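K.L.:
I have a structure I would like to understand better, so I am pasting it below and will then ask my questions one at a time.
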Amino acid sequence: MSDATEATQRPSWERPEGASFAQWMESRVASFASRRYDWNALKFQADYDPKYRRAQMRYVGTGGTGVSSDMNTVPSEHFTFSTMIIPAGHEGPMHIHTDVEEIFFVMRGKVKIMCEKDGETWEMIAGDRDLISIPPGVYRGEVNVGDEDALMCVMLGAKKPITPTYPPDHPLASIKRD
């Protein structure tokens, strides 16, 4: 293995060679002031139907939305972390992550979470500070059933999750991402 290959495979939490302790720790901070909501991360869904319009703010990794790079995130080896704004009445369509569990933590608002596996369905209304951990292989979707924007934390259990897919009969299943 070459030195270059070894360096690229160094875990992201290790202190980079030559970095001071302060530089290392500062590289691991993602302040709210340095972030912007990305309304384009899932724009292909909103282009199909405006009810799917939502925004992602990435903090750790790039998440499962298909955004391939965002240099303004903290690197991680085992998970991603972002926040999502879901406007009132909008939704995240049913989708599946086959490789990772996904956590939804509602910070503000009222979000209906729907899950489905092998023909069985389950749903809940999640409110402020409610959390659900959805296992890999379970379809999941969410709808803001409140009167104001919902704010939700989303965490995926891999550094770079496989891009999720939709149920075969869902209209988004046939749409190509940009």
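Please treat every number below as a calculation from the coordinates, not as lab data. None of these values were measured; they are calculated from a predicted model.
K.L.:
Over the chain, with a Gaussian network built from C-alpha contacts below 10 Å, which listed residue (Gly18, Gly64, Gly137) shows the highest mean-square fluctuation?
P.N.:
Gly18
K.L.:
While we're on this one: Let me know the number of lysine pairs in the chain closer than 17 Å at the Cα, not counting same-chain pairs under 8 apart.
P.N.:
Qualifying lysine pairs in the chain: 4.
K.L.:
Under a GNM of the chain (C-alpha, springs under 10 Å), which listed residue has the highest mean-square fluctuation: Gln45, Gln56, Gln23?
P.N.:
Checking each option, the largest mean-square fluctuation is seen for Gln23.
K.L.:
Could you list which residues have their amide H under 5 Å from that of Asp149, counting only those 5 or more apart in sequence or on another chain, with H placed in the peptide plane?
P.N.:
Under 5 Å from the amide H of Asp149 lie the amide H atoms of Ala88, each far enough along the sequence or on another chain.
K.L.:
While we're here: Take the chain, connect every pair of alpha-carbon atoms lying under 10 Å apart with a spring to form a Gaussian network, then pick out the residue of Thr165, Thr62, Thr121 with the largest mean-square fluctuation.
P.N.:
Top of the fluctuation ranking is Thr121.
K.L.:
Also, I was wondering about something else. How big is the range 37-174 on each of its three principal axes, counting only the C-alpha atoms and giving the largest first in Å?
P.N.:
Largest first, the range 37-174 extends 34, 33, 30 Å along its Cα principal axes.
K.L.:
Kirkwood hydrodynamic radius of the range 58-122 from all distinct Cα pairs, in Å?
P.N.:
About 14.0 Å for the range 58-122.
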